[in-house]
Every structure is written in C-alpha cells, then in structure tokens.
Amino acid sequence: MTNLDPDGVGEGADDYRELSDLTPRAAKNTATGAKKWVPIAVLGLVIVGLGGIVAQGLVNGTLFFHEVDQAVEERPNLDDERFRMLGIPVEGTVVETTLREEFAVAFTVTFDGVTADVVHIGDPPQLFQPDVPVTLEGRWVNGGAPVDNFVGGVNDGWWFESDTMLVKHDNDYRNDNEERIGEAEERSAEAEERSAEAEERSASE
C-alpha cells in the first residue's frame, strides 16, 4: 500500500500532490457578477438620457425672443440664427402649402404695426387661428416665400421658416418665456390703444 504523506516527506509525497490537485473546487458565480453590472448599466442610460434633456433645455433657454417688430429690425444681425418670434396671425393670409415635400401653412404675423411672412412646417396646433397670438421658433430666410397665391403676404424678400408653434391658449404657451410674453402683450395692448386714439383724432378732424 502506498504511504500518502501530506507533509511531503517520504515516498508517497508525489502521489499525494497528484491526488490533491484533483480535489473539486467551488465554481465562480459568474451570474452574480453579471447581475452586479445591470444596475450600473441602467444608471448610465438614465444619466445619458437626462443629459440629453438638460442639453436641449439649455439650447431652448439660450434662444433669443423677439416680437415681430424687433425681429424685423434685428434681421440683418440675426442672419440665419434660430430664435423665437411672437406675433399675431393676420386674417385672410393663411394658405396651406408644402415645403420640401412636407405639409406647411403660410401666413403673415404682425406686432405693433410691423408684419412678416411665415411658413410653418407641419400641422399647426388645433387652436391656431387668425388674431390669436402665437410664438414661433425658427429662422429668417432671404428670398421670396415658396408659396403659390400668397396674396396677403408682405412679400418683402424675407420670410420666417418655423418648425415649432405655440398658440396663446395652449398650456405650454405661457410656460415658455412667460415674462417676455407678458411684456409683449402689454406692448401690444399699448399699441392698440395708440392706434385707437389715432383713429379717434382722425375721425374728429
């Protein structure tokens, strides 16, 4: 019989080492290790998503906000920069059209006696209608508006290309740039009052 000496002393030491190498060992739990990475991966996706939302919010927050009269005045400086424009659609100017094979609606907006042509890409909000203020997001384009039979347009060689529209009675209308919209509405009311006074003076003369 072979003498198995665990201390490695004697003639059975080598045999003992060979047999001890065959002793079963506990397998590593790779599934548990993989599960540890799942929450980290999910957290990473959430952080990326929130980062995109914050970035979009910063972009929207840095957009200039102009009433139509200011936007027309600043047109040479704005060039093709995106900004938000507040105006009132003029009745009788709304025309359905297409722009780059997409449905669009063209109309003229006014504020404090200054007007500008607009081509909005996509369906306008359901509440969109003449004489109801809108906030538009887009940029100036130099050239005639790409609209057939745009009889009511200003046609001054410039038009505003819009892809985002908020209507006054929309819930999001006042949430965006609430302070500026309030100031613009006050300016609009003052302009209407001045116009009414001018008409009264003209009628009395």
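The values are calculated or read from the model by the stated rules, or taken from the named source; none is laboratory data. Since this is a predicted model, take the numbers as computed values, not measurements. Please note: Cβ atoms are built from the backbone with ideal geometry, for glycine as well, and neighbour counts cover all protein chains shown.
Those strands (runs of 3 or more DSSP E) of region 110-175 in which at least 3 residues are out of contact with any Ser or Thr (no Cβ under 8 Å at 6 or more places or on another chain) and farther than 19 Å from GLY92 by Cα, considering only elements entirely within it, cover 134-142, 158-167. Scanning region 119-143 for residues that are in contact (Cβ under 8 Å) with a residue 24 or more places away in the chain and farther than 18 Å from ARG100 by Cβ yields PRO125, LEU127, PHE128, GLN129, PRO130, ASP131, VAL132, PRO133, VAL134, THR135. Within region 76-95, the set of residues being over 18 Å from VAL132 (Cβ atoms), among the acidic types (Asp, Glu) and free of Cβ contacts under 8 Å to residues at least 60 places away in the same chain comprises just one member, GLU81. Of the residues in region 68-75, at least one is of a type in the set (A, V, I, L, M, F, W, C), closer than 13 Å to GLU161 by Cβ and in contact (Cβ under 8 Å) with a residue 12 or more places away in the chain. Please enumerate the residues belonging to region 161-205 that are touching a Phe, Trp or Tyr at 6+ places or on another chain (Cβ under 6 Å) and at pLDDT 65 or above. Scanning region 161-205 gives LEU166, VAL167. When GLY153 is tested against (1) closer than 19 Å to PHE65 by Cβ; (2) small (Gly, Ala, Ser); (3) at pLDDT 85 or above, exactly one condition is not met: (1).
For GLU96, state whether it is on the phi < 0 side of the Ramachandran plot, in a loop (DSSP other than H, G, I, E, B) and surrounded by fewer than 20 Cβ atoms within 10 Å (Cβ to Cβ).
Working: on the phi < 0 side of the Ramachandran plot: yes; in a loop (DSSP other than H, G, I, E, B): no; surrounded by fewer than 20 Cβ atoms within 10 Å (Cβ to Cβ): yes.
Spelling it out, it is not the case that GLU96 is on the phi < 0 side of the Ramachandran plot, in a loop (DSSP other than H, G, I, E, B) and surrounded by fewer than 20 Cβ atoms within 10 Å (Cβ to Cβ).
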